[in-house]
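*Asks:* Encoded as structure tokens, here's the structure I'll be asking about.
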Amino acid sequence: MKDAGIYIHVPFCERKCRYCDFYSVKKEETLLNAYVEELLKEIRLNASDNLDKKILTLYFGGGTPSLLGASTVGRIIDAVTKYYCTDFKEVTIEVNPNSAEDLDGYKKAGVNRLSVGVQSTDDRILKKLGRLHKAETALKVLEKGMEVFGNVSADLIIGADSEQDVSSDLDRILPRCTHLSSYMLSLEEGTPLSKAVSQKKVSIATEIEVLEQYKTIYDVCLKNGFYRYEVSNFSKLGCESVHNFAYWKMKDYLGFGPGAHSYVNGERYYNPSDVKAYVGGAHSGLSGQISERYFSLEEEKSEFIMLALRTRDGIDVAEYNRRFSEDFFERFGSVIKKLSGFLTVSSDRVSIRPEFLLVQNSIILELI
Ligand code: SF4
């Protein structure tokens, strides 16, 4: 059987954050209920095509999955367990601090890992980002999450402000979690924050300041026993995200819900980002999914190399040779030699040296 993961996209939020361009709509009870029924149908309809897969991870992402509530999350987990062969190593739900009341209920439903959208521990920055919660609320959710699950990830945004005190963020966050995802704020066209920045009404950190903030994160995490296993992800040993790791290793995953992407047997496809079309039946398992295309073999090799080099483990040479029926070093030996100052190379692995992970894009471009 083939190991795989399932991603559930929950496209509802209480309100749009000022920097966000992910697909989500304002929560509305009737639409949410219709979405849940259609999601259960999509899960069921896809099962017969995936009898060869063992589902190791389930991830509720969004949007704001915690708006579903524990009993609905339980129904979805039960449906996956009923229709698929499962051996869950990890069942994660993303929660927003303002809608994370029933953590015990999520645990009873089968969730074993929490991911909390903390983003900052400075209320001024949270307001600037348009987040609804206060820092204290987020820290309490982390604490409660550790009590209930013992395995909690915190999201932290860097680059939102020149004055952001990343050390102080980490002093408050790290003792209350086992995993940190730290993403750089990206100004997406059309968002209120992007407009405010272009009109010079607010400013965000400069590139150099962002690099300094990232370096602080790397140093403080290391001191606190959080090691970096991917460019933006740090964890205590043994608390790496199994689900996300599977993306970087290009394992199969099925995505359900509007806007969810799937990667199965080299083919990528996705559902339209439109919840109304979704409840009308536009999704995988029916005729509505948009089939992207088969990756060409060369594209798949590039993707494999690019994703693997984001991780600390780097490229698994034996896996590359097996997957693509060619010798990695015969194909890339000369360019590896050229880049040797940036890489750690052994007969079975090639990875980017930690101090160069931030310039990984230029290194990867040379390789592929
Ligand atoms: S909660 Fe998350 S998905 Fe929803 S608007 Fe804010 S950033 Fe976007």
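The values are calculated or read from the model by the stated rules, or taken from the named source; none is laboratory data. Note that this is a predicted model, so its numbers are computed, not measured. Here the Cβ is made from the backbone with ideal geometry for all residues, glycine too, and neighbour counts use every protein chain on show.
*Asks:* Sort through Val95, Val91 and tell me the only one that's away from the ligand (no atom under 15 Å from the Cβ), within 28 Å of Asp3 (Cβ to Cβ) and not acidic (Asp, Glu). Even if it seems obvious, please write down each step before you answer.
*Replies:* Numbers: Val95 fails: away from the ligand (no atom under 15 Å from the Cβ).
Every option except Val91 fails the conditions.
*Asks:* With the requirement that a residue be within 14 Å of the ligand (Cβ to nearest atom), surrounded by fewer than 18 Cβ atoms within 10 Å (Cβ to Cβ), part of a loop (DSSP other than H, G, I, E, B) and not aromatic (Phe, Trp, Tyr), what does the range 21-38 give you?
*Replies:* Answer for the range 21-38, where residues must be within 14 Å of the ligand (Cβ to nearest atom), surrounded by fewer than 18 Cβ atoms within 10 Å (Cβ to Cβ), part of a loop (DSSP other than H, G, I, E, B) and not aromatic (Phe, Trp, Tyr): just Asp21.
*Asks:* For the range 53-98, enumerate the residues that are among the hydroxyl-bearing types (Ser, Thr, Tyr) and part of a helix (DSSP H, G or I).
*Replies:* Ser66, Ser71, Thr72, Thr81, Tyr83
*Asks:* Of the residues that sit in the range 109-150 and are surrounded by fewer than 16 Cβ atoms within 10 Å (Cβ to Cβ) and over 23 Å from Phe234 (Cα atoms), which one is nearest to the chain's Cα centre (by Cα)?
*Replies:* Among those that are surrounded by fewer than 16 Cβ atoms within 10 Å (Cβ to Cβ) and over 23 Å from Phe234 (Cα atoms), it is Gly130.
*Asks:* Same structure again: Which members of the range 59-83 meet the condition of being aliphatic (A, V, I, L, M) and either in contact (Cβ under 8 Å) with a residue 60 or more places away in the chain or at positive phi (or both)?
*Replies:* Just the residues of the range 59-83 that are aliphatic (A, V, I, L, M), to begin with: 67-68, 70, 73, 76-77, 79-80.
Correct list: Ile76, Val80.
*Asks:* Any residue that is crowded, with 18+ Cβ neighbours inside 10 Å, out of contact with any Ser or Thr (no Cβ under 8 Å at 6 or more places or on another chain) and under 27 Å from Val197 (Cα atoms) - is there at least one of those in the range 80-90?
*Replies:* No: the range 80-90 contains no residue that is crowded, with 18+ Cβ neighbours inside 10 Å, out of contact with any Ser or Thr (no Cβ under 8 Å at 6 or more places or on another chain) and under 27 Å from Val197 (Cα atoms).
*Asks:* A follow-up question, please. Within the range 1-20, count every residue that is at pLDDT 95 or above and more than 15 Å from the ligand (Cβ to nearest atom).
*Replies:* Summing the residues that are at pLDDT 95 or above and more than 15 Å from the ligand (Cβ to nearest atom) in the range 1-20 gives 4.
*Asks:* Return the residues of the range 39-78 that are within 16 Å of the ligand (Cβ to nearest atom) and of a type in the set (A, V, I, L, M); say none if nothing qualifies.
*Replies:* Matches in the range 39-78: Leu67, Leu68.
*Asks:* Output the residue which, of all residues in the range 261-300 that are among the charged types (D, E, K, R) and modelled with pLDDT of 90 or more, is nearest to Glu355 (Cα to Cα).
*Replies:* Asp274
*Asks:* Within the range 211-230, which residues are in contact with a strand residue (DSSP E or B) (Cβ under 6 Å, 6 or more places away or on another chain) and in a loop (DSSP other than H, G, I, E, B)?
*Replies:* Passing the criteria: only Phe226.
Listed here are the residues, each with its yes/no results for (1) outside the structural domain of Leu237 (by TED's automatic domain parsing); (2) among the hydroxyl-bearing types (Ser, Thr, Tyr); (3) part of a helix (DSSP H, G or I).
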| residue | (1), (2), (3) |
| --- | --- |
| Val116 | no, no, no |
| Lys127 | no, no, yes |
| Lys144 | no, no, yes |
| Ser168 | no, yes, yes |
| Ser181 | no, yes, no |
| Ser194 | no, yes, yes |
| Val202 | no, no, no |
| Glu209 | no, no, yes |
